[in-house]
Amino acid sequence: MVSVDVSNKIGKYTTFACAILIITITMSIILLITYKGLAIFTRDGVSLKNFFLTTKWNPDATPAEGGPFVGAAPFIAGSVAVSLLALLFSAPLGIGIAIFMAEISTGWGCKIMQPVIELFVGIPSVVYGWIGISVLVPFIRNHIGGMGFSLLAGAIVLAVMILPTIASVSTDSLRANPADIREGSLALGVTRWQTILMVMVPAAMPGILTAIVLALSRAFGEALAVQMVIGNAIRMPTSLLGPMHTMTSIITMEMSDTVMGTVSNDVLWTIAFMLLFISFIFILLIRTINRGRTAMR
Amino acid sequence: MISSRNSERIATAIFYLIALLVSVLLVALIGYILYHGLRVINWHFLTAAPQPFQAGGGIGPEIFNSLMLLILTMLLTVPLGLGVGIYLSEFARESRITRIIRICIESLASMPSIVIGIFGLMLFVTILKCGFSVLSGVMALTALNLPVMTRLAEDAIKNVSKDLREASLALGATQWQTITNVVLVAAIPGLVTGVILSAGRVFGEAAALLYTAGITTPALHFNDVNPFSNNSPFYLFRPAETLAVHIWKVNSEGLNPDASQIADGASAVLIIMVLLFNLVSRWTGSWLFNKKTGQ
Amino acid sequence: MFSGRRGLGLALSVVLAGSILLTGCASKSQTSPTPGSSSGVDFTVSGSITTAGSSALQPLVEQAANQFMQKDSNAKISVQAGGSGTGLAQIAQGSIDIGNSDLFAGEKLTSAQAAGLVDHKVCVVGFATVVNPGVTVDNLTKQQLQQIFTGKITNWKDVGGSDQQITVINRPTSSGTRATFKKYALDGLEEAQGIALTQDSTGAVAKTVAGTPGSISYLALSYASSNNTVKMLKLDGVDPTNDNITSGKYPIWSYEHMYTKGDPQGLTKAFIDYMAGDEVKPLIQQLGYIVGSDMKVSRNS
C-alpha cells in the first residue's frame, strides 16, 4: 500500500506538473510567435517605420520592383476602427443590460436575461459571419448604400459578439457591490435612479472598465466572422460603408498561400506578433484597473 | 417640467426596452438560423459525405469530426485543468511561481484564436510533422480551452465550503484524501456545468482549426475501428474538417451550387448542438445539486 | 439583350460539350499504351503517402485518390488542402510526399528552396473575366481590362456600358489565381491597391460578383461556365473556352502542378502516373479543367 505521505506528495507533484505544462505552452507560443514575428525586421531588413506607417502592401514584389512592400498600417488601423466602433455600439447596450439585470429587474434578470446572454456567448463566430453575409451585407447594400461589405457590417457583427462579455462581466461587478451602499443612499432620500447612476455604477466602475477592455480584446482577436463581412480591401478605413481589412483577416486569408521563410510569410507572423503584443497590453490595462480597485476597498 | 417620478418611469422603461431589444435579437437570430436550416436538414444531410463540386452533399463526416475533436480535447483539458486548479487552490501558497502561473493563464486566455491556430501550424503541423490532423487540431484546441478549464476548476474548488474541508482533515484524512474524496466530490456540480458549457464553445471554434485540423476530410469507413489503422475514422493523423470550419469553407472555398443551403443547414446543426449543451448543462447542474443536497 | 445572353450561354455550352466529346473520342482512339496511360500504373505498391496544397486542385486529387485506393487496397493516400504556399513549403521541407500548387515552384519559393523539386503538370485551368449580370458590356480589350484593374477606368460608361461605377473584386496578393491573372491578363501590371474588395476564393468571388452591381472579377473557367449567376466577358473578342485555350487563342490559363522532392518512387510514382492516365481524364473534364495532353501550346515558368 502507498503510504499516506507518498500519495500526498504524488498528488502535489502531479498537479504541479500540470501547472508547469500550462507555463510551457504559454511560453512556447510567446517565444515562437516572437521569434517568427521579428524575422521581418532582423532577417529581411524591413524598418519599423515601413511596417507601421506605410500603407502599400505587396510583400511579393521583388527588390527590382522596389519591394517588398509591407505596410501594415491599413490592417492595424482597420482592426482599431472596427473594434472601437463595435464597442461604441455594444457598450451602452451591454451596460444597460447589466443595470437591468443587477438593479432594475433582478427576477427577470435571472430568469430570462441570464440564459439569453449565455446563449449569445454560445453562438459560434462562423454562424455570426454567415448571418452577416446572408442578411446584414445585402441589407446595408440595399438600404444604406455602398457595397455592403463594410466597416459598418464588421462593427455590427462584432458588437453582437462582444455584447455578452460586456453584459455579464458588468453584471457581476454591479452585483458585487455591497448592499449597504445602496441602502445607505436610498435611506438618505436619494431616488432609485440617482442611486443607480451616482452610487452603484461608479462603485462598479473598475469591473465595468474591465468588461470593456475584455470585450475590446475579444473584438481585436476575432478572425473569421469579421473577415467574412468586411470586404477585405487593403485601404485605410476612411468610410463607414467602405470595405476594409484587419490584422486577423489578412492572416486568415494569406497564411495558406505563402511559403515559410519568405518575406510574404514573415510579415504575417509579424502581424500575429502584434496581435499577441496588443493582447498583453489589454491584460496590463485590466491589471492596472483592478489594482486601483483593491487599493480603494 | 417632467417630475422626477415620471423621469424615473421613463428611464426604467428605457432599460426594459434595451432588455427586450436584446432578447428579441437573440430570438430573431436563432429563429432565422433554425427557419432556414431546418428546411435543409434531413437524415441524408446529417449522414452523407459532402460533395466536392456538386449539389446534394451532406455533413456527416464533419459532425463526426467535431464530436471526435471535442471529446479528445475534453479528455486532455479536463484532467489538466483540474490539476492546475487543484494545485492553485489547494497546494500552492501565493508565491512567485503562482504569480507566473496566473500570468500565463491570463495570457493564454486572451490570445486570439487565430494566433493559436498559426502557432499550431508552425509547431504541430510543420515542426512535429503531425500534418493537418486530428492530433494537431486537438492540441490547438487544448491550448485554447485550458485557461477556461483551469479557472472553472479553481472557482468550483474554492466554492466548496471551508467547514467540509476542515471536518475531513479533523477526521484524520490527509490533504490528498480530502481533495479527492471530499472537495472534488463537492465541487462536481459546478465542474460539470462549466465543462459542458465550455464544450459548446470548443464545438463552435473554427479559427484555431483552419491551419491545424485542416479544411478537408477523407472518406470515413466505419468498418475499420482500429485507431492505429490508416483507414480508420479514429486514426489521429488524418485531416479532420469540423462543422464550424465547414461553414467557413463552403462560403469561401466551396464550389457547390448549393453552398448557401449547406451553410444554413450546418449553422442550424451547430446552433442546436450549442442549445443542447446549454440545456444539458443546466439539467445536470440542478440534478447533481438536488442529488447532493438530497443525501 | 437577355435572349442574346442566353444565346451566348447556349453556344458556349455546345462548344464545351463538343470539346469534351472530341477529347473523349480522341483518348479512346489511342490504342497503343502511352507511358502516361493507366495500363502502366503499378497497383501493387503498398504504403502511405500524403499530399497537401492547392485547394483548387484538392477535389480532383481527392477523387482520383479514392479511385486509386479502390484498385490498390494496400495504398493509403491522404489528401490535404492548406493552400499552394503550404503545399510548396511542405514539399520543399520534405514533410509530405506530393505538394500541389497552382503556381510554378519558382514563383513562390527561393531558388534554394525550389532546388530538387520535380514538377508534374496535372492539368490546365483557364480563367474568365466575370462581371455582374447587370453589366451590359460583353467584351473588353486587354488594355481596357488593365485600365480597370489599375484603377484608371472606374465607370462602365468608359468601356461602352451604362453609367455605373465599377467595383473591382480581387484575390489576396498571395493567391495563385491572382498571380496568373496578373501575369497573363494584366501583363504583370500592378493592380491599384484599395479599389478592390478582396475575396478569399472562387466561391466567395462568384457570390460577391453575383450580388454586387457593377462588379468585375475573374474566376476559374470550370466554375464560371457552370455558374449562371455571373456573366463571362470576351477578351479582345475571344470567348474564354477550353477550345480557345488549347489552341492558344485565349491567354489566361495556368497549369496545376504536383511537385515531388526528387524523382517519385513507389506509391508516389504510381499515383502520379495514375493522375496522368486515362482513368483520371474524365474526372479532370468533369471538374472543368483541361487535360494537359490536349494543349497545343505550352509554357515554362
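Read-outs: derived from the displayed coordinates by stated rules, not from any lab. The structure displayed is predicted, hence computed values, not measured ones. Reconstructed Cβ throughout: ideal geometry from the backbone, glycine too, with neighbour counts over all protein chains shown.
For the range C:170-224, count the residues as N, evaluate 2.2 N^0.38 Å, and divide the Cα radius of gyration by that value, please. If you can, show how the numbers build up before the last one.
Numbers: Rg = 10.9 Å, N = 55, 2.2 N^0.38 = 10.1 Å.
Dividing the Cα Rg of the range C:170-224 by 2.2 N^0.38 Å gives 1.08.
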| query | Between the range C:174-232 and the range C:87-152, what is the C-alpha centre distance in whole Å? | reply | 12 Å
| remark: Stokes-Einstein, Kirkwood over Cα pairs, the range C:132-275, 20 °C, 1.002 mPa s; D in µm²/s equals 130 µm²/s
| Counting all C-alpha pairs of the range B:38-293, share separated by more than 28 Å (%) | 42 percent
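Restricting things to Cα coordinates, could you compute the convex hull volume per residue of chain A in Å³? Please list the in-between numbers first.
Values: hull volume 65.8 nm³, N = 297.
So the per-residue Cα hull volume is 221 Å³.
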| query | Residues of A:274-287, mean number of Cβ from any other protein chain within 10 Å of their own Cβ, rounded to a whole number? | reply | 3
| field | Neighbour count of at most 12 Cβ within 10 Å plus DSSP loop: longest chymotrypsin sites (Phe, Trp or Tyr not before Pro)-free window in chain B | value | B:1-221
| said: Give me log10 I(q)/I(0) at q = 0.10, 0.18 Å⁻¹ for the range C:105-206, Debye formula, one equal scatterer per alpha-carbon, no solvent. | reply: -0.35, -0.94
| In peptide C:162-173, how many Cβ atoms from other protein chains are near each Cβ within 10 Å, on average? | 4
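Relative contact order of chain A, please, whole-number percent, based on alpha carbon pairs below 8 angstrom and at least 6 residues apart.
Once normalised by length, the contact order is 25 percent.
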| query | In whole Å and largest first, what semi-axes does the C-alpha gyration tensor of the range B:110-222 yield when each eigenvalue is scaled by 5 and square-rooted? | reply | 38, 14, 14
| request: Output the DSSP H helices from chain A with an along-axis C-alpha extent of no less than 20 Å and a mean Kyte-Doolittle hydropathy no less than 0.5. | output: A:4-42, A:73-99, A:151-175, A:205-221, A:263-296
| request: Return one number: the angle in degrees, 0 to 90 and rounded to the nearest 10, between the long axis of the Cα atoms of helix C:266-275 and the longest principal axis of the Cα atoms of chain C. | output: 40 degrees
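On alpha-carbon atoms, Rg over Rh for the protein assembly as shown using Kirkwood Rh? Let's see the in-between values first.
On the way: Rg = 29.2 Å, Rh = 29.3 Å.
Here the Rg-to-Rh quotient is 1.00.
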| task | Throw me the Rg/Rh for chain C, computed over C-alpha atoms with Kirkwood Rh, two decimals. | result | 0.99
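Enumerate the helices in chain B for which the Kyte-Doolittle hydropathy averages 1.6 or more and the C-alpha atoms extend at least 24 Å along the helix's axis, using complete DSSP H runs. Don't skip to the end; give the middle numbers.
Working: long enough: B:4-38 (50 Å, 1.39); B:60-86 (39 Å, 1.66); B:134-158 (34 Å, 0.96); B:184-204 (30 Å, 1.72); B:259-294 (51 Å, 0.72).
Qualifying helices, which must be both long enough and hydrophobic enough, are B:60-86, B:184-204.
Over all directions, how big on average is the projection of the convex hull of the alpha-carbon atoms in the range A:1-157, in square nanometres?
Working: hull surface 75.5 nm².
In nm², the orientation-averaged hull projection of the range A:1-157 is 18.9.
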| query | Between C:Thr198 and residues 5 or more places away or on another chain, which pairs have amide H atoms under 5 Å apart, with H built 1.01 Å from N, and which residues are they? | reply | A:Asn232, A:Ala233, C:Asn170
| note | Residues whose modelled amide H sits under 5 Å from the amide H of C:Ser54, counting only those 5 or more places away in sequence or on another chain, are C:Gly83, C:Ser84, C:Gly87, C:Asn100, C:Ser101, C:Asp102
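Restricting everything to alpha-carbon atoms, can you work out Rg to Rh for the range B:21-85 with a Kirkwood hydrodynamic radius? Walk me through the numbers on the way to the answer.
Numbers: Rg = 17.6 Å, Rh = 14.9 Å.
Result for the range B:21-85 is an Rg/Rh of 1.18.
Find the percent of Cα-Cα distances in the range A:1-43 that exceed 11 Å, and round it to a whole number.
Numbers: 633 of 903 pairs.
Counting every Cα pair in the range A:1-43, those more than 11 Å apart make up 70 percent.
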| Degrees between helix C:2-29 axis and first principal axis of chain C (Cα, 0 to 90, nearest 10) | 20 degrees
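Net charge near C:Thr129, counting Lys/Arg +1 and Asp/Glu -1 over other residues with Cβ under 14 Å of its Cβ?
Values: positive: C:Lys142, C:Arg171, C:Arg178, C:Lys182, C:Lys231, C:Lys234; negative: C:Asp138, C:Glu191, C:Asp236, C:Asp239.
Once all neighbours under 14 Å are counted, the net charge is +2.
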| field | For q = 0.19 Å⁻¹, Debye-computed log10 I/I(0) when each Cα of the range C:192-254 counts as one equal scatterer | value | -0.79
| message | Quick check: the distance between the Cα centres of the range A:131-153 and the range A:28-44, to the nearest angstrom? | response | 37 Å
| Quick one: Kirkwood hydrodynamic radius for the range B:194-295, alpha-carbon pairs, angstrom, one decimal? | 16.0 Å
